[in-house]
Amino acid sequence: MDSGSQRDKTPVEGPEVLPLGSTALLLRFGLTVTPRATAAVQALHDMLDKADLPGVTEILPSLASVMLRFDPAKVTRADLAARLATLTGTRDWHAAEPRPAMRLWQVPVAFGGVHGPMLEEASALAGLSPEAAVRQVAETELRVLAIGFAPGQPYLGLLPEGWNLPRLSDLAPQVPQGAVTVAVRQIVLFANASPTGWRQIGRAAFRPFRPEARDPAPLRAGDALRLIPCSGDELEALLHTGDPDGGARCQVRA
Amino acid sequence: MSGALILHRARPGLTVQDMGRPGLARLGLSRGGAADRLALLEATALLGLRAPVAALEMPALGGSFEVTRPTRIALTGAPMRADLDGSALRWSASHLILPGQRLTIGAATSGVYGYLTPAGGILGPEWQGSRAAHLVAGIGAALAAGDRLPLGDDPEPDAPGQFLPVEDRFTGGLLRWIDGPQTALFPVATRARFGTTAFRRAPTGNRQGIRLDCEGPAFAADLPKTGLASEFILPGDIQMTGDGRPYILLSECQTIGGYPRIGTVLPADLPRAAQSAPGAVLRFQRVTLAEADTLARPRAARLASLRAACHPLRRDPRDMPDLLSYQLISGVTAGNDLDPPEASA
């Protein structure tokens, strides 16, 4: 069996440098999401952010890779790829540790019941009682691993190994905006109502995307985030206020 | 008080589009903007503008329109039946429209997305540097009959109408593609079969992407058992959904996805993909990265070529409602009969 602890000991080599369309490169640590790969992605993202690479216009992390967009009028793909290979080859990615988060979000979530219709099923798959499952999720300091798919929508992780649940083979009927869903050791907090193959275990009143706001997507890749259990009534009250923060607090760490 | 474009009739899905919002992937927002970006560059050339302006994007069907001030418009993209007070208008051309005249745009005769570009651009709310509706993200909205869209002033309303001959990109054809980060997950034989298969644009499709159908087995990738990590995806990416059929992503696609992608359609060929109507036959041809880089041309260079290809609009006799009102033989015309009569009004 390919256990997580064994995988964690696998050395993480330098990222593969791969083409992504005409004006981007992808630096990839692996095809699957592992704690080592996500740590290496965060370390690489920090490194590239500081590297001040000429012609690079955008650097963004996702789950196991980092994307760099470049301006082909300023740098060629080949030159940039060579530069990146040199830059990333000098580092021991096995020892990569994610930089401590600058911000910690605390987001109220109602677990189970009408707001988390698949909590029992997901808990059972994770080998836990629903109460223990909620406790474990709430105790985990999650990181925003990536923002995407839909505007503002965070991929959060990683949950303990027991949560390596497969996606549903069929798409579940629509989950609502704010749905807290699990699969493959990750949580996605849905920015919009959507059909999904992920299991809904809870719901937040926090809105990850607010086109009307000055800061339309308040979460940033790298932020830390905790889900704070609240009752269904408390969630209803938060939803009722219409406040896009939904009771969430953001604490900036010194 | 500047002018307005009044929508008397608006067929479903009409939106305001420009070149979109590049560089906002950090917000999880794809570039958006016109499904056929070339059509906006063509309008820029036809109207003699410095840069593209916001236009009306019309999927498959147009509507009927009126302006409150004289303004030139360009009609580009998928050719549609268009007339001004009953007189047929050339497509891929610019025309002067006067207040009180009724512009009617019907069905596309081929392709999908037609564009009506007023020379001063459509004004109205801007978000993050663009006026493009991005319906998936909840930015902007589809337009409806009764809407009045504020227009910028036409910088040169007296400029004569222009015509721009364009290569047919509205009936399917060949799409060139390059390798992407997941190409190697597809067995070599699968990639070879991809290159020899004739695909048909499926009925499923929108501004996010279009699905293709074909005969034969699925185009499957060799995936890790624990599932592929979701990665950044871009317009032009060719992803293989669960049943192994390709889906070409367009301007309003998601920014991260978990389906494997065999490669990426070149930006130069993406308008052809977007303009392929259901049933159109599409084939794929792989090119190397070096070839793709040679083919890539900066926007300024493409605009310069389009400007050079524009020429004054000649009226087609078949478009003239009353031939007898034109002096066809006499040598005493004012010499401006190559121009639409409105231009000299």
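Residue-wise test of (1) within 14 Å of chain A (Cβ to nearest Cβ); (2) in a loop (DSSP other than H, G, I, E, B); (3) in contact (Cβ under 8 Å) with a residue 60 or more places away in the chain; (4) under 21 Å from B:ALA142 (Cβ atoms).
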position	(1), (2), (3), (4)
B:GLY13	no, yes, yes, yes
B:VAL16	no, no, yes, yes
B:LEU29	yes, yes, yes, yes
B:GLY32	yes, yes, yes, yes
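Tell me, which strands (runs of 3 or more DSSP E) wholly within segment B:133-241 include 1 or more residues that are within 14 Å of chain A (Cβ to nearest Cβ) and among the aromatic types (Phe, Trp, Tyr)?
B:173-178
So, in segment B:274-318, of the ones that are within 23 Å of the chain's Cα centre (by Cα), more than 14 Å from chain A (Cβ to nearest Cβ) and assigned to a helix (DSSP H, G or I), which residue ends up surrounded by the fewest Cβ atoms within 10 Å (Cβ to Cβ)?
So the residue we want is B:ALA308.
Quick check on this structure: which one of A:LEU165, A:LEU128, A:LEU145, A:LEU158 is within 13 Å of the chain's Cα centre (by Cα), among the aliphatic types (A, V, I, L, M), more than 30 Å from B:GLY32 (Cβ to Cβ) and surrounded by 14 or more Cβ atoms within 10 Å (Cβ to Cβ)?
A:LEU158
Can you find even one residue in segment B:256-272 that is closer than 19 Å to B:GLY32 by Cβ, modelled with pLDDT under 95 and not in a helix (DSSP H, G or I)? Before the answer, list the steps.
First pass over segment B:256-272, keeping only residues closer than 19 Å to B:GLY32 by Cβ: B:256-257, B:264-265, B:267, B:270-271.
From the residues that got through so far, the ones that are modelled with pLDDT under 95 too are B:256-257.
Still in the running and not in a helix (DSSP H, G or I): B:256-257.
So far as segment B:256-272 goes, yes, one or more of its residues are closer than 19 Å to B:GLY32 by Cβ, modelled with pLDDT under 95 and not in a helix (DSSP H, G or I).
For the condition farther than 30 Å from B:ALA137 by Cα and either in the same structural domain as A:PRO35 (by TED's automatic domain parsing) or of a type outside the set (A, V, I, L, M) (or both), what is the one hit in A:LEU125, A:LEU84?
On the way: A:LEU125 fails: either in the same structural domain as A:PRO35 (by TED's automatic domain parsing) or of a type outside the set (A, V, I, L, M) (or both).
Only one candidate qualifies: A:LEU84.
Tally the residues that are more than 10 Å from chain A (Cβ to nearest Cβ), among the hydrophobic types (A, V, I, L, M, F, W, C) and within 26 Å of B:PRO187 (Cβ to Cβ), restricting the search to segment B:254-273.
2
Residues of segment B:18-75 being β-branched (Val, Ile, Thr) and over 21 Å from B:ARG148 (Cβ atoms), which ones?
B:THR44
Would you confirm whether any residue within segment A:167-177 is more than 16 Å from B:GLY258 (Cα to Cα), outside any strand (DSSP E or B), at pLDDT 90 or above and not hydrophobic (A, V, I, L, M, F, W, C)?
yes
Considering only residues that are over 17 Å from A:GLU120 (Cα atoms) and not small (Gly, Ala, Ser), which ones fall in segment A:169-183?
Within segment A:169-183, A:ASP170, A:LEU171, A:PRO173, A:GLN174, A:PRO176, A:GLN177 qualify.
For the structure I just gave you, tell me whether A:PRO15 is at pLDDT below 90 and either over 30 Å from B:TRP177 (Cβ atoms) or in contact with a Leu (Cβ under 9 Å, 6 or more places away or on another chain) (or both).
No.
Has segment B:121-130 got at least one residue that is in a strand (DSSP E or B) and within 14 Å of chain A (Cβ to nearest Cβ)? Please lay out each step first, then the result.
In the first step, residues of segment B:121-130 are kept if they are in a strand (DSSP E or B); the result is B:122, B:127, B:130.
This time we only want the ones that are within 14 Å of chain A (Cβ to nearest Cβ), so: B:127, B:130.
Yes - at least one qualifying residue is present in segment B:121-130.
State whether one or more residues within segment A:114-122 are of a type in the set (Gly, Ala, Ser), in contact with a Lys or Arg (Cβ under 6 Å, 6 or more places away or on another chain), modelled with pLDDT of 95 or more and in the same structural domain as A:GLY246 (by TED's automatic domain parsing).
Yes.
Taking B:ALA220 as the residue in question, decide whether it is in contact with a Gly (Cβ under 6 Å, 6 or more places away or on another chain), surrounded by fewer than 18 Cβ atoms within 10 Å (Cβ to Cβ), within 30 Å of A:GLN153 (Cα to Cα) and modelled with pLDDT under 95.
Taking the combined requirement at face value, the residue satisfies it.
Considering only helices (runs of 4 or more DSSP H) fully contained in segment A:40-155, which possess at least 3 residues that are within 27 Å of A:ALA193 (Cβ to Cβ)?
Values: elements: A:77-89, A:119-125, A:130-139.
The helices (runs of 4 or more DSSP H) meeting that bar are A:119-125, A:130-139.
Just a yes or no: is a residue in segment A:210-224 surrounded by 14 or more Cβ atoms within 10 Å (Cβ to Cβ) and assigned to a strand (DSSP E or B)?
yes
So, of the residues in segment A:182-198 that are without any contact (Cβ under 8 Å) to a residue 40 or more places away in the chain and either out of contact with any strand residue (DSSP E or B) (no Cβ under 6 Å at 6 or more places or on another chain) or of a type in the set (Ser, Thr, Tyr) (or both), which turns out to be surrounded by the fewest Cβ atoms within 10 Å (Cβ to Cβ)? Show your work before the answer.
Quick first cut of segment A:182-198, residues without any contact (Cβ under 8 Å) to a residue 40 or more places away in the chain only: A:183, A:188, A:193, A:195-198.
Narrowing further to those that are either out of contact with any strand residue (DSSP E or B) (no Cβ under 6 Å at 6 or more places or on another chain) or of a type in the set (Ser, Thr, Tyr) (or both): A:183, A:196-197.
Working: A:ALA183: 21, A:THR196: 20, A:GLY197: 15.
Going through the qualifying residues, I end up with A:GLY197.
Hey, does segment B:101-110 have a residue that's over 26 Å from B:ARG21 (Cβ atoms), out of contact with any Leu (no Cβ under 8 Å at 6 or more places or on another chain) and part of a loop (DSSP other than H, G, I, E, B)?
For segment B:101-110, residues over 26 Å from B:ARG21 (Cβ atoms), out of contact with any Leu (no Cβ under 8 Å at 6 or more places or on another chain) and part of a loop (DSSP other than H, G, I, E, B): present.
The values are calculated or read from the model by the stated rules, or taken from the named source; none is laboratory data. Everything numeric in this text was worked out from a predicted model, so none of it was measured. Every residue, glycine among them, receives a Cβ derived from its backbone with ideal geometry; neighbour counts consider all protein chains shown.
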